[in-house]
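A.B. asks: One structure follows; several queries about it will come next.
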There are 2 protein chains.
Amino acid sequence: MAKIELKDLTKRADNYSQWYNDLVIKADLAEQSAVRGCMVIKPYGYAIWEKMQRELDDRFKETGHINAYFPLLIPKSFLSREADHVEGFAKECAVVTHHRLKNSPDGKGVIVDPEARLEEELIIRPTSETIIWNTYKNWITSYRDLPILCNQWANVMRWEMRTRMFLRTAEFLWQEGHTAHATREEAVAEAEKMLHVYGDFAEKCMAVPVVKGVKTANERFAGAIDTYTIEAMMQDGKALQSGTSHFLGQNFAKAFDVKFINQNNEQEYVWATSWGVSTRLMGALIMTHSDDNGLVLPPKLAPIQVVIIPIYKNEEQLNSINTIVEPMLTKLKSLGISVKYDNADNKRPGFKFADYELKGVPVRLVLGARDIENRTIEVMRRDTLEKHSASLDNIEEYVANLLEEIQDNIYTKALNHRKDMTYIVDTWEDFKEKIEQGGFILAHWDGTTETELKIKEETKATIRCIPLDGDKTPGKCIYTGKPSAQRVIFARNY
Amino acid sequence: MAKIELKDLTKRADNYSQWYNDLVIKADLAEQSAVRGCMVIKPYGYAIWEKMQRELDDRFKETGHINAYFPLLIPKSFLSREADHVEGFAKECAVVTHHRLKNSPDGKGVIVDPEARLEEELIIRPTSETIIWNTYKNWITSYRDLPILCNQWANVMRWEMRTRMFLRTAEFLWQEGHTAHATREEAVAEAEKMLHVYGDFAEKCMAVPVVKGVKTANERFAGAIDTYTIEAMMQDGKALQSGTSHFLGQNFAKAFDVKFINQNNEQEYVWATSWGVSTRLMGALIMTHSDDNGLVLPPKLAPIQVVIIPIYKNEEQLNSINTIVEPMLTKLKSLGISVKYDNADNKRPGFKFADYELKGVPVRLVLGARDIENRTIEVMRRDTLEKHSASLDNIEEYVANLLEEIQDNIYTKALNHRKDMTYIVDTWEDFKEKIEQGGFILAHWDGTTETELKIKEETKATIRCIPLDGDKTPGKCIYTGKPSAQRVIFARNY
């Protein structure tokens, strides 16, 4: 619908950040809205997000979760109930103070009606732990009411000062799971399970390799005992936190007085987790795979997996191409492949080629009069931009296999890139040099927030996570020389 | 998860309104939240809404629409751009005035930071015409950019004074379609097409018969040229507006200066429609079919379509029942039927029976030791509460057919109820009498808002719609005796 701008994208090598911003706009994924920091997710971008949602939702349901919906607005006082939580979230949020407008006395538009001031201000949810635990209080009496395994798909708002489309916006879309358990062990197991669900989704669907780990105290979710994270590496070597799962202990149960009678007939506070991924994943998807020609989408999330473009000189040639393409479309669809036949007359093939490249369609098939004679078709795969000729016979199975190959290939490519840019570093000099080049640095750290903050101050590198399955050999802190239990991942990050 | 209250529901005959409120709570559909007028949609209620969403979304996509997402917040000034629109929506809405909280100087919680006042207040969307047409301005230059056929699934907020769960809540979930067209004819055709999509969904999926019609000027959407509606009749004879589709003319295009170059190379304002259905449909669904035992759900929207309950005296009997049920589950699932086998040990069969009745599960199968000997199974259908014995052979196909029969039956029952409570009325005395009894009154009206409002004042009846395929015979207004083009539908309404 929007005007397609086929003008050159900024090249990644010239300005990676500008390339990203250009691509979001030019590929019709999103645009800035009239409201500061809030984006419009355009149909093509939203179609990718819908595919992500469907895949995630299926995985949540397979692991026993159910969806529900909790209010958008949270009473201001709820935020203060959990001491760490309010520090993390109350500071920059949208506050509703009134419930009515009235005509301006000067006849120009409308003004806030001062008489419609709310008794207690309401906050647009930055995250829903507080309102949900206030609700769970009514749902839980005994161990028989547990576990509660709820998820909600919702919009949330955090009044960010510096915003970037998908990566950091004031309003964003996400899902937030909130579970309640009878024991610490069960809650910890749930938080870890969801970390693995996220990891599986990132690697299998998004083709984005991730490191699973635990956050340091300084990087933890406000109100959590432990925050688990999946961390991806972008092409520029910067880390992108792609999903988090929190073991909340009994913090929110205590804040909202949620107790249950356990099997020994004793009252106990309920154990909690929460976990979420957001439209930020779109940023990870874009920055992991795309190139100077535009988006590269993993076949599993591409709204259009295959585009077929006819090349013809006259109506007769188009007709004979149509005759070949019709049954192909049927067969491809029957294989569950989303295919578009673009025989629109008002755009030249070259324009179409560039457009579908920009949009990241994984496979392009081009069919001309000569192909029909030879029973062949030209196949272009978006990930490598390679073209070759294939037989028209069984082209559908050929394409189905090719889509799988592309899915695997872009994952492997991203994984190799991460390996190439992951460094084991043992000296502070080396650390400072490597961090400038980008990438993940595996280094020892003494476990203190003080050291972590000093390293951040000097190098802008943060500890992305303590990897779950990393090398557990102890060593000495890269900065202080004090004992370290294991290497952690340092990187600059989005 | 919640405690199941099997205590008697209020009977419909005793207090229909209380019966509805009780049922929403007891069937675990929703509950009030800590925020005035905002509900929590509980997992069982949300599962029904998800099924509705999926069915509607499929229909939108089949008719060429795509989803997108627009911001939650709307600049206050946008509302004033369209004169009628601001009258309709600016008056009761949630107003965001600040973007930060800070610690209270008295150390007790947080307060609004007066220094974080927004330059222009933002409104939580009560509907999104304004922000969307402000966006479409950037998307449309020429007739080639048209039509735009966008939909969004979103939460909206209207600060209602009196709220009832699902029927009228401050925050509610809905979808809103917003389309842009090159001609008046195309926009009118779109508004009518979506009315028929809604009607088809209501009748085929919800099993709720609806009258399709046009709203009078007084009942029109604020900013529309014409509002189309589907009107359903509840069991108490009151009408429930279940979906609306608006032909907006060029009103929003003019307000936001959205022009296009037409095929004759002339500048013209774009033509618009918008259309929406909301979680209010849940209210229509509940009130159309349910009874004094609880929910009655149409099979097409029931989260659980079939429940199987074993009756056994010992482990051995349970094991032999399990052996029969396992392949049944597989086969039912392969037929696309959602089935639950409830062999939980900690609840007695009688409790389970009442619970699944309350939850509206369409078919209950009960299997005992005697049944296994006889190769039979007890079948209970929720719509009629009739029980009978069926053969275990081919029980899956039998159940599949029964589900269809139930879907048809509850539709026919609702349709007959509407027919029985629809009256052709020709005198004012008769009108006043009939309206007290409830139901739809087909009567003549002189076409003026003045008369419409007087009738409303005297009888609380509103004109629900001017039916599209009603009798077009002219007559005389029931109230003023002035000429009338056709009968319209009067009713009291939710």
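The values are calculated or read from the model by the stated rules, or taken from the named source; none is laboratory data. In this text the structure is predicted, and so the values were computed from the model without any measurement. Every residue, glycine as well, gets a Cβ built from its backbone with ideal geometry; the counts of neighbours run over all protein chains shown. Note: areas computed on protein heavy atoms with side chains; ligands, DNA, RNA excluded. Shrake-Rupley method; radii C 1.70, N 1.55, O 1.52, S 1.80 Å.
A.B. asks: Of B:218, A:341, B:374, whose Cα points farthest to the positive end of the dipole of the protein assembly as shown (charges on the beta-carbon: +1 Lys, Arg; -1 Asp, Glu; origin at the Cα centre)?
C.D. replies: Going by the charge dipole, the pick is B:218.
A.B. asks: Something else about it: First compute the accessible area of the range A:174-288 with a 1.4 Å probe, then give the percent of it belonging to carbon and sulfur atoms.
C.D. replies: Carbon and sulfur atoms account for 42 percent of the accessible area of the range A:174-288.
A.B. asks: List the trypsin sites (Lys or Arg not before Pro) within the range A:128-225 that fall in a DSSP loop (any state other than H, G, I, E or B) and whose Cβ has at most 11 other Cβ atoms within 10 Å.
C.D. replies: Answer in residue order: A:162.
A.B. asks: Now, a different point. Between copies, how close do the residue B:329 label points come, placed 7 Å along Cα→Cβ, listed in nm from shortest?
C.D. replies: In nanometres, ordered from closest: 4.2.
A.B. asks: Skip the ligands, DNA and RNA, and give the accessible area per residue of the range B:152-228 with a 1.4 Å probe, whole Å².
C.D. replies: Ligands and nucleic acids excluded, the result is 31 Å² per residue.
A.B. asks: Now for a separate question. How would you classify the protein assembly as shown from its alpha-carbon gyration tensor, with a ≥ b ≥ c the square roots of the eigenvalues: rounded for a/c under 1.5, else prolate if a/b is greater than b/c, otherwise oblate?
C.D. replies: rounded
A.B. asks: What shape does the range B:25-117 take by its C-alpha gyration tensor, where a ≥ b ≥ c are the square roots of the eigenvalues and a/c under 1.5 counts as rounded, a/b above b/c as prolate, and the rest as oblate?
C.D. replies: Oblate.
A.B. asks: Roughly how large is the A-B contact in terms of buried accessible area, totalled over both chains, probe 1.4 Å, nearest 100 Å²?
C.D. replies: That pair hides around 5900 Å² of surface in total.
A.B. asks: Taking the range B:395-476, which chymotrypsin sites (Phe, Trp or Tyr not before Pro) meet the DSSP loop condition and have no more than 16 other C-beta atoms within 10 Å?
C.D. replies: Within the range B:395-476, no chymotrypsin sites (Phe, Trp or Tyr not before Pro) qualify (loop, at most 16 other Cβ atoms within 10 Å).
A.B. asks: Taking a label point 7 Å out from Cα toward Cβ, give me the nm distances from residue B:454 to the same spot in the other copies, shortest first, one decimal.
C.D. replies: Sorted ascending, the copy-to-copy spacings read 8.8 nm.
A.B. asks: Then there's this: Which FRET efficiency, nearest 0.05, do residue B:405 and residue A:292 yield, Cβ-Cβ r, R0 51 Å?
C.D. replies: Step by step, r from the Cβ atoms, then E = 0.25.
A.B. asks: Considering only protein heavy atoms, what per residue accessible area in square angstrom results for the range B:324-463 with a 1.4 angstrom probe?
C.D. replies: Ligands and nucleic acids excluded, the result is 51 Å² per residue.
A.B. asks: Rounded if a/c is under 1.5, else prolate if a/b beats b/c, else oblate: with a ≥ b ≥ c from the C-alpha gyration tensor eigenvalues square-rooted, which is the range A:343-448?
C.D. replies: Note, shape of the range A:343-448 comes out prolate.
A.B. asks: What is the distance, in nm, between label points placed 7 Å from the Cα along the Cα-to-Cβ direction at residue A:370 and at residue B:458?
C.D. replies: 8.4 nm
A.B. asks: Moving on to the next point. Which whole-number percent gives the relative contact order of the range B:148-192, counting Cα pairs below 8 Å spaced six or more residues apart?
C.D. replies: So the answer I get is 42 percent.
A.B. asks: Full extension from residue B:426 to residue B:268: what is 0.36 nm times the residue separation minus their Cα-Cα distance, to one decimal in nm?
C.D. replies: 52.2 nm
A.B. asks: Describe numerically, in nm with one decimal, the distance between label points set 7 Å from Cα along Cα→Cβ at residue B:84 and at residue A:200.
C.D. replies: 5.3 nm
A.B. asks: Sticking with this structure for a sec: Using Cα atoms only, what is the angle between the long axis of helix B:449-459 and the major principal axis of chain B, expressed in degrees (0 to 90) to the nearest 10?
C.D. replies: 40 degrees
A.B. asks: Let me ask something additional. Fully extended, how many nm does the chain gain between residue B:436 and residue B:482 (0.36 nm per residue separation, minus their Cα-Cα distance)?
C.D. replies: 14.1 nm
A.B. asks: Only Lys, Arg, Asp and Glu count, each charged at its Cβ (+1, +1, -1, -1), so figure out the dipole size of the range A:281-338 about its Cα centre, rounded to 20 debye.
C.D. replies: That gives a dipole near 260 debye.
A.B. asks: Once you keep just the Cα pairs under 8 angstrom separated by 6 or more residues, what percentage relative contact order results for chain B?
C.D. replies: Contact order relative to length: 13 percent.
A.B. asks: Let me ask something else. In the range B:59-74, which residues give up 40 Å² or more of accessible area once the other protein chains are added, compared with their chain alone (1.4 Å probe)?
C.D. replies: Checking the loss per residue gives B:67, B:69, B:71, B:72, B:73.
A.B. asks: What is the angle, in °, between the Cα long axis of helix A:43-62 and the longest principal axis of the Cα atoms in chain A? Nearest 10 is fine, range 0 to 90.
C.D. replies: Helix A:43-62 and the main axis of chain A meet at about 60 degrees.
A.B. asks: Hey, another quick one. Once the label point is set 7 Å along the Cα-to-beta-carbon vector, what list of distances in nm do you get between residue A:316 and its counterparts in the other copies?
C.D. replies: 8.4
A.B. asks: Output the 0 to 90 degree angle, nearest 10, between the alpha-carbon long axis of helix A:184-204 and the longest principal axis computed from the alpha carbons of chain A.
C.D. replies: The helix A:184-204 is inclined about 20 degrees to chain A.
A.B. asks: Suppose all protein chains stay in the model; what accessible area per residue would a 1.4 Å probe give for the range B:1-76, in Å²?
C.D. replies: Result: 38 Å² of accessible area for each residue.
A.B. asks: Subtract the Cα-Cα distance of residue B:259 and residue B:394 from 0.36 nm times their separation in residues, and report this length gain in nm to one decimal.
C.D. replies: 42.4 nm
A.B. asks: Roughly how crowded by other chains is peptide B:36-48, in terms of the mean Cβ count from those chains within 10 Å of each of its Cβ atoms?
C.D. replies: What the average comes to for B:36-48 is 5.
A.B. asks: How much accessible surface area, in Å² rounded to 10, belongs to the heavy atoms of residue A:448 with a 1.4 Å probe?
C.D. replies: For residue A:448, solvent-accessible area is about 50 Å².
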